[in-house]
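Have a look at the structure below, then the notes.
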Amino acid sequence: MRMHTFATALPTRLAALAALGLLITACGNEPAEVDAPGSDAEAPQETETDAADGNDEEADGGDAAVELVIETSVSGEDGTPAEEGFEEGTWTLTCAPAGGDHPDPEAACAAIDELGTEPFTMDTSDMACTMQVGGPEEARVTGHVEDTEIDTEFNKRNGCEIDRFGDVEAVLNP
């Protein structure tokens, strides 16, 4: 019969703790970017020079590059209060040029320019996410960003959704 002593059990326990630490650390990381079909990864970005030359869609009489309707609400199911400053309501947002009745269209358009369509098209249903609740805030966003149709909901019901909500905070909670 093999007998375990403190000296033989310690390395096994340390290895188990190290593996657990790596697992916990990996749960908080964002997923790797994957170019999905129809994503704007290869789409050329419009520059200020293009707009000055009159090459943007608005100058040609077309629609704005971004047209969104943002509806924000508080679920209130468990009585948790919403984040201070979060307002329920419905706004419109257009970009290129920035406009609509959104409280801060310039900041929202800058966030969309930086992030692209990923936060609006990301599906977190098959992702391993931390089981935490960040609040009762919810938002529904419909419309289009460039050629990508948008019809999605945001909430703070798990770690992945909290991160996703935070990525577009300037759009959802100006």
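Scanning segment 50-67 for any residue that is out of contact with any helix residue (DSSP H, G or I) (no Cβ under 8 Å at 6 or more places or on another chain), at pLDDT 80 or above and on the phi < 0 side of the Ramachandran plot turns up at least one such residue. Would you please name the residue that is surrounded by the fewest Cβ atoms within 10 Å (Cβ to Cβ), looking only at residues in segment 97-148 that are touching a Pro at 6+ places or on another chain (Cβ under 6 Å) and either free of Cβ contacts under 8 Å to residues at least 40 places away in the same chain or of a type in the set (Lys, Arg) (or both)? Filtering segment 97-148 for residues that are touching a Pro at 6+ places or on another chain (Cβ under 6 Å) and either free of Cβ contacts under 8 Å to residues at least 40 places away in the same chain or of a type in the set (Lys, Arg) (or both), the one surrounded by the fewest Cβ atoms within 10 Å (Cβ to Cβ) comes out as 99.
Scanning segment 120-151 for residues that are part of a strand (DSSP E or B) and either of a type in the set (A, V, I, L, M, F, W, C) or closer than 24 Å to residue 84 by Cα (or both) yields 137, 138, 139, 140, 141, 145, 150. Restricting 113, 101 to those that are acidic (Asp, Glu) and assigned to a loop (DSSP other than H, G, I, E, B) reduces the list to 101. Any residue at all in segment 65-81 that is loosely packed, with under 15 Cβ neighbours inside 10 Å, polar (S, T, N, Q) and without any contact (Cβ under 8 Å) to a residue 40 or more places away in the chain? Among the residues of segment 65-81, not one is loosely packed, with under 15 Cβ neighbours inside 10 Å, polar (S, T, N, Q) and without any contact (Cβ under 8 Å) to a residue 40 or more places away in the chain, which makes the answer no.
Among the residues of segment 125-149, write down those that are within 15 Å of the chain's Cα centre (by Cα), among the polar types (S, T, N, Q) and closer than 30 Å to residue 63 by Cα.
To start, the set of residues in segment 125-149 that are within 15 Å of the chain's Cα centre (by Cα) comprises 125, 127, 129, 134, 137-142, 145.
Subsequent filtering for residues that are among the polar types (S, T, N, Q) retains 125, 142.
Residue satisfying the conditions is 142 alone.
Of the residues contained in segment 156-168, none is found to be assigned to a strand (DSSP E or B), basic (Lys, Arg) and either more than 22 Å from residue 103 (Cα to Cα) or touching a residue at least 40 places away in the same chain (Cβ under 8 Å) (or both).
The values are calculated or read from the model by the stated rules, or taken from the named source; none is laboratory data. Source: prediction; values computed, not measured. Cβ atoms come from the backbone with ideal geometry, glycine included; neighbour counts cover every protein chain shown.
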